[in-house]
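Undergrad: What follows is a structure written as C-alpha cells; I'll ask about it next.
The values are calculated or read from the model by the stated rules, or taken from the named source; none is laboratory data. None of the values given here were measured: they were computed from a predicted structure. Cβ: placed from backbone, ideal geometry, glycine included. Neighbour counts: every protein chain shown. What goes into the accessible areas is simple: the full protein's heavy atoms, side chains included, and nothing from ligands, DNA or RNA. Shrake-Rupley method; radii C 1.70, N 1.55, O 1.52, S 1.80 Å.
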Amino acid sequence: LLVAPLLVSSAYGGVSVYNAELAFVGKKDSRPNITESLANTRKAIAISPHESYYRQQLGTYYSNAARSLQRRAMQAQQQGQQDKVQQILRKAQTYRKKAENALYAALPNAWAPENVYISLFQLHYSARERDKAERAISNALLHSPHLGPVRAQLAALQLDRGAYKDALATAQWVLEIDPRNAMAHRIGGQSLLELKQFDAAEKHLKRAQALAPQDRAVQAALQKLEQATASTPSG
C-alpha cells in the first residue's frame, strides 16, 4: 500500500517528462522556425516547469532574437533609416529583458548554474552592459572556478574597466593552468603595458603573437608598446 502511491507518482513524472520533451521537439520530420520553437519551448515549460534546460533554451531564443534585431538596427542606421533605428532597438531591448528573465528563472533548478551565468554574460556583453556581464561571469566562476577560458573573459572585462592589476592577476591565474592561452597572454601583456612594465609586457605579447598570429588586438598592443618604449628615455 505504501509503494503504490510512489509508483503512481513515478509513472506520472515519467509521462510528464516524456510529454514535455515531445512538446519541446515539436512535430516529427520538421524544422521549426523561431516562432514555432518559442511556442514549443513554452509548452514544454508549462508541462515541466521545474526543468531548467527549457527555460535556458527560451532565454537563448530571446537572446538570439535581440542580437538579430541589434544587427538590423545597425543596418538601418547605415542605410540612413533613422526613423526605424530606435523602434528596432526598443524591440531588441524587450527581447533582451525576456531573455534575462528566462535565464534567471532557470537558475533555481539548474544542474550546472555556471552555464546559465555564461549565457547571461553573453547576453549582457553583447548589449555592452559591462557591469552586469562581469557579475554574471564572476558568478559562473563561483560554481566552476577551473574554467580557464571563462576566467580569461573576466580578465578582459577587468582590463576594459581599467583594473589593470586585477586583470593581470586573473590572466596569470589562467596561465598557471593553461600556459598556451593566447588571450591570457595578451591581457597580461596589455595590463603590464598600462602598468609601464614594458619588458614583462613584451614577453607576454610576443608569446600571444606566436600563439595567435592573426589576433589584431595583439598587433595593436605591440604597436602601442613600441610607441611607449620609443617615447620613454633610456636609463
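Every residue, every condition in (1) modelled with pLDDT of 95 or more; (2) polar (S, T, N, Q), yes or no:
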position	(1), (2)
Arg130	no, no
Ala136	yes, no
Ser144	no, yes
Pro149	no, no
Gly162	yes, no
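Undergrad: Going by the conditions given, is Ala46 out of contact with any Phe, Trp or Tyr (no Cβ under 8 Å at 6 or more places or on another chain), open to solvent by 60 Å² or more (accessible area, probe 1.4 Å) and among the small types (Gly, Ala, Ser)?
TA: Here the answer is yes, as Ala46 does meet what is asked.
Undergrad: Would you call Arg180 open to solvent by 70 Å² or more (accessible area, probe 1.4 Å), among the basic types (Lys, Arg) and more than 21 Å from Ala230 (Cα to Cα)?
TA: Here the answer is yes, as Arg180 does meet what is asked.
Undergrad: Next question. Just for helices (runs of 4 or more DSSP H) wholly inside the range 58-154: which have at least 1 residues that are under 26 Å from Ala46 (Cβ atoms) and out of contact with any Asp or Glu (no Cβ under 7 Å at 6 or more places or on another chain)?
TA: The qualifying helices (runs of 4 or more DSSP H) are 82-106, 113-126.
Undergrad: Which one is nearest to Ala171 (Cα to Cα) among residues in the range 183-235 that are open to solvent by 40 Å² or more (accessible area, probe 1.4 Å) and β-branched (Val, Ile, Thr)?
TA: Going through the qualifying residues, I end up with Thr229.
Undergrad: Further question on the same structure: Using the structure shown, decide if Ile88 is at negative phi, open to solvent by less than 40 Å² (accessible area, probe 1.4 Å) and touching a Lys or Arg at 6+ places or on another chain (Cβ under 6 Å).
TA: Taking the combined requirement at face value, the residue satisfies it.
Undergrad: Then there is this: Quick test of your reading of the structure: Ser63 fulfils all but one of (1) open to solvent by less than 30 Å² (accessible area, probe 1.4 Å); (2) over 21 Å from the mean Cα position of the chain (by Cα). Name the failing condition by number.
TA: (2)
Undergrad: Of the numbered conditions (1) within 13 Å of the chain's Cα centre (by Cα); (2) under 23 Å from Tyr54 (Cβ atoms); (3) loosely packed, with under 15 Cβ neighbours inside 10 Å, Lys97 fails exactly one; give the number of that condition.
TA: (1)
Undergrad: Any idea how many residues of the range 178-235 are part of a helix (DSSP H, G or I) and among the polar types (S, T, N, Q)?
TA: The total comes to 7.
Undergrad: Which residue pairs have Cβ atoms under 8 Å apart, sit 6 or more places apart or on different chains, and have a first residue in the range 45-70 that is without any contact (Cβ under 8 Å) to a residue 60 or more places away in the chain and on the phi < 0 side of the Ramachandran plot and a second that is in a loop (DSSP other than H, G, I, E, B) and open to solvent by 60 Å² or more (accessible area, probe 1.4 Å)?
TA: Between residues of the range 45-70 that are without any contact (Cβ under 8 Å) to a residue 60 or more places away in the chain and on the phi < 0 side of the Ramachandran plot and residues that are in a loop (DSSP other than H, G, I, E, B) and open to solvent by 60 Å² or more (accessible area, probe 1.4 Å), the close pairs are Ile45/Glu51.
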